[in-house]
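Encoded as structure tokens, the structure appears first; notes follow it.
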Amino acid sequence: MSNRKKLVSIVFSILIFIIAWLAFCGYQWSWGPFVKLHDYKTASLAGNNEQYALDTIEVERNSPLKNKNIVFLGSSVTYGASSMGVSFADYIGAMNDCNIIKEAVSGTTLVDEGVDSYISRLNKIDTQNADIFVCQLSTNDATQKKPLGEINNSENINDFDTKTVAGAIEYIIAYAKDKWDCPVVFYTNPKYDSANYQAMVNLLLEIQKKWNIEIIDMYNDVDFNNITDEQKSLYMADSIHPTQAGYLEWWTPVFENKLKEVIKNESN
């Protein structure tokens, strides 16, 4: 075999490996260009049964969220990585006849690294009007052990170290308040075994004191987390990602109540 043919063979083998690896990442973790492959893995879960499908949802005609514009920023949990792309955001939109902008990409972080980071995508959201801005406290920052950083004394958006969790959160809050002048709501995942994520939740609660934001704290909600093993099996595909049943029956009522409360407080 000539050197040219050997080189072509090596390059072809590398390309096949890369494609296979990306396909595996998509199937296993709902990450990368083959993200939809993960749907094949999760479609058979009991919590993703047709009875929980988005098209079965009834609309609340007189909802205070009706016709409101709600921006959701997050990663796989906001996207619905283990529920075939359907999350609490979609259920809220369907139930309340409100407009949702769901800017969610699996595997991404609050910390500003790369074109798909929260901050990078936030800067590209082109909607001019938002009644509420909702942001996920990403589990990916905890998994990837991103630096926590410290809360800044300033409220100037240019002063935050977005390479840290604290700086990224403060940047996101400042940006949303400046662009949309609307209530900012952060939410956490329910309790799971991660000291890094617990530290992030504690940090977020401290940031709340400075910025007066709303938090849907499912992590520290003892009653919320007090579900049976049978319910957990139905509601969660793994320790982090809910199924459609988990979003619909467990998470969405909590989000609905908080968002309705926020809108009512704004109108008073």
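Bear in mind that the values in this text are calculations on the coordinates, not laboratory data. Please read all numbers here as calculations on a predicted model, not as lab measurements. Because the Cβ atoms are built from the backbone with ideal geometry, glycine has one as well, and the counts that use them run over all protein chains shown.
With a simple spin-label model that places each label point 7 Å from the Cα along the Cα-to-Cβ direction, the separation between Lys145 and Glu60 comes to 4.3 nm. Peptide packing for 211-221, 183-193, 72-82, 162-172 was compared via the average number of neighbouring C-beta atoms within 10 Å per residue; ordered from the highest value, the list is 72-82, 162-172, 183-193, 211-221. Here the relative contact order of region 45-267, from alpha carbon pairs under 8 Å that lie six or more residues apart, stands at 24 percent.
Calculated FRET efficiency, Ile157 and Glu230, Cβ-Cβ r, R0 41 Å, to nearest 0.05? The formula returns an efficiency of 0.30 here. Can you list the lysines whose alpha carbon is less than 16 Å from that of Lys68, not counting same-chain residues fewer than 8 positions off? Those lysines meeting the cut-off are Lys102, Lys258, Lys260, Lys264. Along the Cα-to-Cβ line of Ser267, 7 Å from the Cα, sits a label point; which residues in region 98-138 have backbone N less than 14 Å from it? Within reach of a label on Ser267, which here means backbone N under 14 Å from a point 7 Å along Cα→Cβ, region 98-138 contributes 98, 131-132.
The label-point distance for Glu113 and Asp238, in a model that sets each label 7 Å from Cα toward Cβ, rounds to 1.8 nm.
Region 44-62 and region 216-245 have Cα centres lying 18 Å from one another.
Would region 45-267 count as rounded, prolate or oblate if I go by the C-alpha gyration tensor, calling it rounded below 1.5 in a/c and otherwise prolate when a/b exceeds b/c, oblate otherwise? List each step's numbers first, then the result.
Values: a/c = 1.69, a/b = 1.24, b/c = 1.36.
It comes out oblate by the Cα gyration axes.
When peptides 149-158, 107-116, 238-247, 90-99 are ranked by their average number of other Cβ atoms within 10 Å per residue, the highest-first order is 238-247, 90-99, 107-116, 149-158.
Contact order normalised by length for region 54-145, with contacts defined as Cα pairs under 8 Å and 6 or more residues apart; what percent is it? The partial results should precede the final answer.
Working: 158 pairs, mean separation 32.4, N = 92.
Relative contact order comes out at 35 percent.
In order along region 235-241, the phi-based Karplus estimate (6.51 cos²θ - 1.76 cosθ + 1.60, θ = phi - 60°) of 3J(HN,Hα) comes to 7, 10, 7, 7, 5, 10, 9 Hz; Gly and Pro are listed as x.
Before rounding to the nearest 500, sum -39500 (n - 2.57) across all DSSP H runs of length at least 4 in the chain and divide by the residue total; then give [θ] at 222 nm in deg cm²/dmol.
Working: 11 runs with 116 residues, N = 268.
Computed ellipticity for the chain at 222 nm equals -13000 deg cm²/dmol.
Of interest is the spacing of the C-alpha centroids, which for region 108-146 and region 72-96 amounts to 15 Å.
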